[in-house]
1. When Lys and Arg each count +1 and Asp and Glu each count -1, what net charge do the other residues less than 11 Å away from residue 45, Cβ to Cβ, add up to?
2. Rule-of-thumb check for the chain: C-alpha Rg over 2.2 N^0.38 Å?
3. Going highest first, how would you order 23-32, 46-55, 59-68 by mean Cβ packing within 10 Å?
4. With the other protein chains left in place, how much accessible area per residue, in square angstrom, belongs to the chain at a 1.4 angstrom probe?
5. What percentage of the solvent-accessible surface of the chain, computed with a 1.4 Å probe over protein heavy atoms, is contributed by carbon and sulfur atoms?
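The values are calculated or read from the model by the stated rules, or taken from the named source; none is laboratory data. Nothing here was measured: the structure is a model prediction, and the numbers come from that model. Positions of Cβ are generated from backbone atoms using ideal geometry, with glycine treated the same way; all protein chains shown enter the neighbour counts. The protein model used for the area step is the full one, side chains on, heavy atoms only, and it has no ligands, DNA or RNA in it. Shrake-Rupley method; radii C 1.70, N 1.55, O 1.52, S 1.80 Å.
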Amino acid sequence: MNKIAPKSLLLSKWTKTHINNKEKHFSVVSISFDEDQRVVECVIQAVINHNEYMIDWRELKDSSQWKIGWK
């Protein structure tokens, strides 16, 4: 399990373990918080083609799907 803090997500880099459409490396480009400082929206962007995807930020904790950094 990857340990991440919601406040440090913005501009963090991630590597997907199962590659789709040649998209392997991603960067978190947008985070939205509610009034209680909880993440309500997380957008990642593929480095290769700049496609953006909205994901649940908790998915990044799953080390079988995501690795911290670009590897």
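1. Combined, the nearby Lys, Arg, Asp and Glu give -1.
2. 1.05
3. So the order, starting with the most tightly packed, is 23-32, 59-68, 46-55.
4. Result: 68 Å² of accessible area for each residue.
5. Details: 2490 of 4800 Å².
Carbon and sulfur together cover 52 percent of it.
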